[in-house]
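S.K.: Let me begin by handing over the structure; questions about it come next.
The values are calculated or read from the model by the stated rules, or taken from the named source; none is laboratory data. Since the model is a prediction, treat every value here as computed from it, not as a measurement. When we count neighbours, we look across all protein chains shown, and the Cβ atoms used for this are built from the backbone with ideal geometry, even at glycine.
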Amino acid sequence: MNEPTPILRFAPSPNGALHLGHAYSALVNQHMAQALGGHWLLRFEDIDTARCTLRFEADMIEDLRWLGLEWQGEPRRQSQHLDTYREALDSLKSMGLVYPAFLSRSEIKAIVSHQPDWPRDPDGQPHYPGDERSWSDKRISAALEEERRHAWRLNMQAALERVDGPLTWRETGYDGEADTAIIEADPSRWGDVILARSDTPTSYHLSVVIDDAIQGITHVVRGEDLYEATAIHRLLQQLLDLPEPLYHHHRLIRDEQGRKLSKSSHDTSLQALRASGYGAAHIRAKLDLGPYQKSL
């Protein structure tokens, strides 16, 4: 029986300009795809329609091609598949695993501000302190009929009760195969995570696992800042009966203060580097792909 063709993906959000960190991740995906004898896809995670624009998307494509990168097929745009994510959310609702949460960010902050030991997720955000998960159907229906703003949160305790055995993921080495480690996943550290909002039928966590399954992604290659989030993704894959890809979390490109690069912090973009005279070869050398190049 033939093994499936390895498929990887690079999935930026078109809400700003690409920087060196994005370039590094895209290049790592290309090198690992080549090492595995597979290919990689381009996906635009553009569910934030207020900040994501076609202009940023076009600029990203131009930057990637300037770096000498080529992907297979047309890019997938999450904004064109909201019905697909809504169906997945409805499936979780039918299992009784999600509930509408009506507390705003400011209300959450006020509730936990006087409780220094309140549990927080790996990103430092407080676990949701509301009690809507225990509301009656009648009370929930009344609140929804009032069209109050809300988020749909995963009932973590109920979700974990549906999982048989321990949750794990497989973390691969530089070539996507060797030195694979089995990592224990602990989604409970995240509390009742947001899976959608009243004005958007999905979130990063929900859409990413749906997209990876639909696109047949066999190897998820991304930055180490998403390492802990893999626990949530593995849980959703189990709940929705989705395939489990291999994972590889690469190092981040950081500034002189050790802070990871960010579009929101307006770190130097690839466009600005190009305008100042940098060439694609210089950028590649500056990023030092090291062990990924050795794996070819």
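S.K.: Within region 187-204, take every residue that is of a type in the set (D, E, K, R) and surrounded by 14 or more Cβ atoms within 10 Å (Cβ to Cβ) and give me the one that is farthest from E228 (Cα to Cα).
M.R.: Once the filter is applied, the top-ranked residue is R197.
S.K.: Collect the residues in region 186-199 that are under 16 Å from the mean Cα position of the chain (by Cα) and not in a loop (DSSP other than H, G, I, E, B), keeping them in residue-number order.
M.R.: Our first condition is that a residue be under 16 Å from the mean Cα position of the chain (by Cα); within region 186-199, this holds for 187, 190, 193-196.
Once the filter is applied, which keeps residues that are under 16 Å from the mean Cα position of the chain (by Cα) and not in a loop (DSSP other than H, G, I, E, B), region 186-199 yields P187, W190, I194, L195, A196.
S.K.: From the list L82, L64, which one is closer than 30 Å to G38 by Cβ, at pLDDT 95 or above and buried (at least 18 other Cβ atoms within 10 Å of the Cβ)?
M.R.: L64
S.K.: Can you tell me which residue is nearest to the chain's Cα centre (by Cα) among those in region 149-185 that are polar (S, T, N, Q) and assigned to a loop (DSSP other than H, G, I, E, B)?
M.R.: The qualifying residue nearest to the chain's Cα centre (by Cα) is T172.
S.K.: Does A33 satisfy the criteria of being buried (at least 17 other Cβ atoms within 10 Å of the Cβ) and either among the aliphatic types (A, V, I, L, M) or touching a Cys at 6+ places or on another chain (Cβ under 9 Å) (or both)? Even if it seems obvious, please write down each step before you answer.
M.R.: Details: buried (at least 17 other Cβ atoms within 10 Å of the Cβ): yes; either among the aliphatic types (A, V, I, L, M) or touching a Cys at 6+ places or on another chain (Cβ under 9 Å) (or both): yes.
Spelling it out, A33 is indeed buried (at least 17 other Cβ atoms within 10 Å of the Cβ) and either among the aliphatic types (A, V, I, L, M) or touching a Cys at 6+ places or on another chain (Cβ under 9 Å) (or both).
S.K.: Any chance you could count how many residues in region 200-222 are in a helix (DSSP H, G or I) and either touching a strand residue (DSSP E or B) at 6+ places or on another chain (Cβ under 7 Å) or basic (K, R) (or both)?
M.R.: Residues in region 200-222 being in a helix (DSSP H, G or I) and either touching a strand residue (DSSP E or B) at 6+ places or on another chain (Cβ under 7 Å) or basic (K, R) (or both): 4 in total.
S.K.: Is region 206-225 home to any residue that is under 21 Å from R133 (Cβ atoms) and not aromatic (F, W, Y)?
M.R.: yes
S.K.: If you don't mind, there's one more thing I want to ask. Among the listed residues A58, A50, which satisfies the condition of being modelled with pLDDT under 95, surrounded by fewer than 18 Cβ atoms within 10 Å (Cβ to Cβ) and out of contact with any helix residue (DSSP H, G or I) (no Cβ under 8 Å at 6 or more places or on another chain)? Lay out the reasoning, then the answer.
M.R.: Numbers: A58 fails: modelled with pLDDT under 95.
Of A58, A50, the one residue that is modelled with pLDDT under 95, surrounded by fewer than 18 Cβ atoms within 10 Å (Cβ to Cβ) and out of contact with any helix residue (DSSP H, G or I) (no Cβ under 8 Å at 6 or more places or on another chain) is A50.
S.K.: So, in region 126-173, how many residues would count as being surrounded by 14 or more Cβ atoms within 10 Å (Cβ to Cβ) and either farther than 30 Å from H249 by Cα or among the polar types (S, T, N, Q) (or both)?
M.R.: 11
S.K.: Give, as residue ranges, the helices (runs of 4 or more DSSP H) completely inside region 9-120 that count at least 3 residues that are within 25 Å of A281 (Cα to Cα).
M.R.: In region 9-120, the matching helices (runs of 4 or more DSSP H) lie at 20-36, 54-66.
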